[in-house]
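Input: a single structure, listed below in structure tokens.
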Amino acid sequence: MDVVIAGTGMHPWGKWGRSFVEYGVAAARAALRDAGLDWTEVQYVVGADTIRNGYPGFIAGATFAQALGWTGARIASCYAACASGAQAIDIARTRILAGLCDVALVVGADSTPKGFFTPVGGDRPDDPDWLRFRLLGATNPAYFALYARRRMALYGDTPEDFAAVKVKNAQAGSLNENARYRKTVTAEEVLASPMVADPLRLMDICATSDGGAALVLASEGYARRRGLSTAVRIAAVSTVTPSFPNTVLELPCFATDSTAAVPPPERTFRASIAHAAYEEAGLGPQDLSFAEVYDLSTALELDWAEDVGLAPPGEAGKLLRAGDTALGGRIPVNPSGGLASFGEAIPAQAIAQVCELTRQLRGTAGSRQVVNARAALAANQGLFGHGSAIIAVT
Amino acid sequence: MAAPAIDGWFVTDDDGAVHLLGTRCAGCRTVYFPPQTGFCRNPHCAGEDLTPARLSRRGTVWSYTNACYPPPAPFAAAEPYTPVTLAAVELAEEGIVVLGQVKDLTVDDLHVGMELELTSGALADGPLVWMWGRA
Ligand SMILES: [Zn+2]
């Protein structure tokens, strides 16, 4: 038996200044409408938590269920940083596969402050996420910049390559009504934007956004009985952790694990996330029609393209320059426009990636449509080692 | 001398040499920074005896960047603000990459693979942190 994606819904990304609950409810209602299902029929609700919106955000499942109207449905709430949405999908899917429910609603939404993400307040010298700001002033973009500079040194990538990623994603995003940034940009504009964390400029780095996304998941049997769409199935959900020693300096850490006693694992953490998804789906990168990856920065999209196996290490730039990863190319990356066009709404983002997978695989992505899309992967990574990759197929 | 911004992560000898303070597992010899105590994180090791270890003072730049805008609190940004430089430095013997502020060098002075040496410097509000400096 498979789990099908019966409905998708989104509240447009932006800086709307309203409660995350509103965005979540709007996305949930849109997903239910898309599925052709009434809220009162939902048996299980999973909320992906947000940590910057007080107590209602910590128990997002209950918050959304209350807002939609208590029905006695069972719930879960979960937090896994950027992987929260994928974790929520995993929980709902697993419960359906276990036969404990037939149909579930997954919701994530966020309302974000202006500017850099800062640590949760208070004096907390035993929290590395607080300490990295206190001792080093190491913001999230600082880590993205370390990876970007490393690519330049190792592979010869240039700021022009990074700008080309933004140009590509802005082009796709201009065609997406749910994206926050709808304007196309030129490489000159990217390269003229202010330097934030050398070598990354303002337009290389994804913003933080408000937004909401939701999915209706169902067992294939239930979907058939109820006449819901069975066009798109979930073939894999990878939620792997790193293997010791993790030799990539991960946000928010001060150091890598040491290789003094144990040699590095065969795959880096990011590569292992996709690998586990491919194993579970019985597919490989050559089977994908497109991929959605977590482009927190332009340079990071190139890292991800290699990590999910679309190019050997160091050759994602070549793929980009050939136009292969653009809409209409051989293997589009981020046909939604990616985080470059959305800005990150943490608990909603992984769910939004799967909304894009579903629309593309249904053939309803309009002017962004990837021709004959049959299989796709969405990948991201949550702080402290929450891997997440989802493969959906027609 | 000013107090360290955090206790037990680095030490300054009488001759001024600064060392990062980590720990080493007595069972498997894995090194940790920041200092790990209580249990070893190697999944193949049940070690609970982690003893203080001074890390190599020199390493090579794994990567580097800067903060062109003042980082938010709890960082204390200097006024007027000059960009903070950061380097992730690889210590060969320990097989570890350690992030730190860079003292008296900008991104234009750095390149991947360059050798740096540990020193210390003051945060804008006074206390000391470890910093990477010219070797
Ligand atoms: Zn050990």
Within chain A, helix-based [θ] at 222 nm, where runs of 4 or more DSSP H residues each add -39,500 (n - 2.57), nearest 500 = -10500 deg cm²/dmol
Can you give the charge dipole size of chain B about its Cα centre, rounded to the nearest 20 debye, using +1 on the beta carbon of Lys and Arg and -1 on the beta carbon of Asp and Glu?
-> 320
Go through A:65, B:2, A:125 and say which Cα lies farthest out towards the positive end of the charge dipole of the protein assembly as shown; charges sit on Cβ, +1 for Lys and Arg, -1 for Asp and Glu.
-> A:65
Could you sort A:1, A:10, B:131 by accessible area so the largest value comes first, with the probe set to 1.4 Å?
-> A:1, A:10, B:131
A correct Kirkwood calculation over the Cα atoms of the range A:268-394 returns a hydrodynamic radius in Å of 14.3
Past the 28 Å Cα-Cα mark, which pairs from A:166/B:103; A:114/A:183; A:15/B:103?
-> A:166/B:103; A:15/B:103
With all protein chains present and a 1.4 Å probe, how do B:7, A:127, A:204 order by accessible area, largest first?
-> B:7, A:127, A:204
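Please get the size of the charge dipole for the protein assembly as shown, origin at its Cα centre, with Cβ charges of +1 on Lys and Arg and -1 on Asp and Glu, quoted in debye to the nearest 20.
The calculated dipole for the protein assembly as shown is roughly 1620 debye.
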The helix A:159-173 Cα axis meets the longest alpha-carbon principal axis of chain A at an angle in degrees, between 0 and 90 and rounded to 10, of 20
Among A:212, A:36, A:14, residue whose mean-square fluctuation peaks in a GNM of chain A (springs only between Cα atoms under 10 Å) | A:36
Just for the range B:94-135, what percent of DSSP beta bridges are antiparallel, to the closest 5?
-> 80
Accessible surface of residue A:15 - all protein chains present, 1.4 Å probe, nearest 10 Å² | 80
Between A:259, A:241, A:158, find the one with the highest GNM mean-square fluctuation for chain A; connect C-alpha pairs within less than 10 Å.
-> A:259
For the range A:246-287 versus the range B:50-64, the gap between their alpha-carbon centres in whole angstrom | 23
Inter-chain shielding of A:187-200 (mean C-beta neighbours from other protein chains, 10 Å cut-off) = 3
Mind checking the angle between helix A:298-307 and chain A's longest principal axis? C-alpha axes, 0 to 90 degrees, to the nearest 10.
-> 70
Accessible area (Å², 1.4 Å probe, nearest 10) - residue B:75 | 20
With x for Gly and Pro, the residue-by-residue ³J(HN,Hα) of the range A:48-61, computed from phi through the Karplus equation 6.51 cos²θ - 1.76 cosθ + 1.60 at θ = phi - 60° and given in whole Hz, is 8, 6, 10, 9, 10, 9, x, 4, x, x, 6, 10, 4, x
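For residue A:70 and residue A:287, what does the FRET efficiency come to when R0 = 56 Å and r is the distance between their Cβ atoms, rounded to the nearest 0.05? The partial results should precede the final answer.
Details: r = 43 Å, r/R0 = 0.77.
Plugging the Cβ-Cβ distance into 1/(1 + (r/R0)^6) gives 0.85.
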May I ask for the Kirkwood hydrodynamic radius of chain B, worked out over all distinct Cα pairs and given in angstroms to one decimal?
-> 15.8
Which residue, B:81, B:32, B:64, has the most motion in a Gaussian network model of chain B that connects Cα atoms within less than 10 Å?
-> B:81
Using only Cα atoms, locate the centre of the range A:6-52 and the centre of the range A:132-184, then give the distance between them in Å, rounded to an integer.
-> 28
What per residue convex hull volume, in Å³, comes out for chain A when only alpha-carbon positions are used?
-> 133
For the peptides A:250-256, A:364-370, A:376-382, what is the packing order when you average, over each peptide's residues, the other Cβ atoms within 10 Å and list the highest mean first?
-> A:376-382, A:250-256, A:364-370
Set Lys and Arg Cβ to +1 and Asp and Glu Cβ to -1, take the dipole of the range A:296-383 about its Cα centre, and tell me which of A:339, A:383, A:373 lies farthest positive.
-> A:373
Just the number, please: percent antiparallel of the DSSP beta bridges in the range A:283-394, rounded to the nearest 5.
-> 60
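Quick check for me: using +1 on Lys/Arg Cβ and -1 on Asp/Glu Cβ, what's the dipole size of the range A:225-335 about its Cα centre, in debye to the nearest 20?
Dipole about the Cα centre, nearest 20: 460 debye.
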Check the cysteines of chain B one by one and keep only those with no other cysteine Cβ under 4.7 Å from their own.
-> B:68
To the nearest 10 Å², what's residue A:77's accessible area with a 1.4 Å probe?
-> 50
Helix A:140-155 axis, angle to chain A major axis (alpha carbon atoms, nearest 10°) | 60
Heavy atoms only, probe 1.4 angstrom, no DNA, RNA or ligands counted: give me A:303, B:109 ranked by accessible area, highest first.
-> B:109, A:303
Of the residues A:138, A:81, A:240, the Cα lying farthest along the dipole of chain A towards its positive end, which is defined by charges on the beta carbon of Lys, Arg, Asp and Glu, belongs to A:81
After finding the eigenvalues of the alpha carbon gyration tensor for the range A:178-303, what semi-axes result from the square roots of 5 times each, listed largest first in whole Å?
-> 32, 27, 13
For chain A, what proportion of DSSP beta bridges, expressed in % and rounded to the nearest 5, is antiparallel?
-> 65
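The values are calculated or read from the model by the stated rules, or taken from the named source; none is laboratory data. Just so it is clear, the model here is predicted, and its values are computed rather than measured. A quick note on method: Cβ atoms are made from the backbone with ideal geometry, for glycine too, and the neighbour counts reach across all protein chains shown. Please note that ligands, DNA and RNA were not included when accessible areas were found on the heavy atoms of the full protein model with its side chains. Shrake-Rupley method; radii C 1.70, N 1.55, O 1.52, S 1.80 Å.
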